[in-house]
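The values are calculated or read from the model by the stated rules, or taken from the named source; none is laboratory data. Please read all numbers here as calculations on a predicted model, not as lab measurements. As a convention, Cβ positions derive from the backbone with ideal geometry for all residues, glycine included, and neighbour counts pool all protein chains shown. The area values use the complete protein model at the heavy-atom level, side chains included, leaving out ligands, DNA and RNA. Shrake-Rupley method; radii C 1.70, N 1.55, O 1.52, S 1.80 Å.
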Amino acid sequence: MSAQIIDGNVIAERMQAEIAAAVQKMKDEHGVTPGLAAVLVGDNPASRQYVGMKRRRCAKVGIDSFGYELPATTTQEELHKLILELNADPKVHGILVQLPLPDHIDEEAILGAIQLEKDVDGFHPVNIGRLAMKGREPLFIPATPYGCMVLLDEVGVQVSGANAVVLGRSNIVGLPAAMLLLHRNATVTICHSRTKDLPAVVRTADILIAAVGRPEMVKADWVKPGAVVIDVGSNRIEDPTAEKGYRWVGDVAFDEVKEVAGAITPSPGGVGPMTITMLLKNTLRAAEMAIAKAGK
Ligand code: GUN
């Protein structure tokens with residue numbers, strides 16, 4: 001039987017409509033517009049595209065976005081100074097520093113300079129530390145793994161007690177996804193480039209999160225029948241038959257795996273739209289916290 005297809009576009013649209021309504025209510029009741037500062041350093045074309053997409057979605061739900069495009073030659077001190085200015089700016093409720101940063105910038109120091117209450121990306125060392133610890137809660141959860149968890153909840157899979165396998169251990173997706181699953185009492189295995197007999201480990205998964213950036217790596221015979229498969233991968237591959245000469249695929253061989261899995265996200269159209277949605281949700285939450293703190 002073919003898997004349930006988890007449509008990230010539909011879920012994201014529904015959530016964004018809810019966020020837009022909450023933003024409007026905040027404007028009406030408190031005279032406050034949530035604001036996101038988006039900081040881009042250097043000229044990585046993919047990063048520029050992501051930041052543009054995030055800012056357009058902000059506009060769509062009524063969130064103000066303030067763009068800061070800095071040259072690749074920006075110094076640590078200059079970037080640090082900007083973060084401190086944004087920390088102090090009451091119109092800015094959330095600060096997003098698009099990653100990766102140029103090599104000469106100390107990423108940890110910059111992320112650590114963001115005021116905790118404005119860390120809508122959830123990458124501040126304190127937020128990540130809380131995510132890593134039992135019984136602690138971060139103020140914000142990183143957007144992509146947060147989106148993965150929402151998708152799991154949409155299909156109603158029981159996370160507690162499930163065997164969850166996370167493919168990939170990046171700071172942005174794999175690692176926080178594994179920690180979130182652990183918080184929800186899954187038995188979690190993190191796989192990476194040194195993992196032995198990857199297909200055998202992946203076959204133990206009731207829940208699989210694939211975030212390795214390898215086009216269509218996960219095959220049908222890697223997947224336990226009935227498993228829930230969340231594909232974070234977004235890989236451009238050459239395809240002479242496609243109009244543009246290329247197309248986008250995930251880390252999972254979707255056409256074959258959907259015949260085995262119980263539920264599966266497509267890529268594109270699964271996790272991608274959720275990532276931006278969760279950033280919007282975090283920004284709204286940051287503004288709500290600022291209002292509560294100010295007693296407005
Ligand atoms: N680079 C890739 N994904 C992300 C993300 O979710 N946030 C930031 N800040 N940078 C990224």
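General observations
- When region 85-114 is filtered for residues that are within 20 Å of the chain's Cα centre (by Cα) and assigned to a loop (DSSP other than H, G, I, E, B), the ones remaining, listed by number, are His93, Gln98, Leu99, Pro100, Leu101, Ile114.
- Cβ-Cβ distances below 8 Å connect the following pairs, each with a first residue in region 14-30 that is more than 20 Å from Glu154 (Cβ to Cβ), a second residue that is surrounded by fewer than 13 Cβ atoms within 10 Å (Cβ to Cβ) and not acidic (Asp, Glu), and a separation of six or more residues or different chains: His30/Lys296.
- Options Glu77, Glu69: the member that is away from the ligand (no atom under 16 Å from the Cβ) and either within 21 Å of Phe140 (Cα to Cα) or open to solvent by 60 Å² or more (accessible area, probe 1.4 Å) (or both): Glu77
- Within region 11-51, tally of residues that are in a helix (DSSP H, G or I), within 16 Å of the ligand (Cβ to nearest atom) and either under 19 Å from Tyr146 (Cβ atoms) or under 17 Å from the mean Cα position of the chain (by Cα) (or both): 7
To keep it simple, each residue is scored yes or no on (1) crowded, with 18+ Cβ neighbours inside 10 Å; (2) farther than 21 Å from Thr283 by Cα; (3) within 16 Å of the ligand (Cβ to nearest atom).
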site: Leu82; (1), (2), (3): yes, no, yes
site: Val120; (1), (2), (3): yes, no, yes
site: Val126; (1), (2), (3): no, no, no
site: Phe140; (1), (2), (3): yes, no, yes
site: Gly174; (1), (2), (3): yes, yes, yes
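- Residue ID - farthest from Asp121 (Cα to Cα), chosen from residues in region 3-60 that are hydroxyl-bearing (Ser, Thr, Tyr) and open to solvent by less than 60 Å² (accessible area, probe 1.4 Å): Thr33
- Among the residues examined, Asp121 qualifies as charged (D, E, K, R), modelled with pLDDT of 95 or more and touching a strand residue (DSSP E or B) at 6+ places or on another chain (Cβ under 7 Å).
- In region 269-296, the residues that are away from the ligand (no atom under 15 Å from the Cβ) and either touching a residue at least 60 places away in the same chain (Cβ under 8 Å) or part of a loop (DSSP other than H, G, I, E, B) (or both): Gly269, Gly270, Leu284, Arg285, Ala287, Glu288, Met289, Ala290, Ile291, Lys293, Gly295, Lys296
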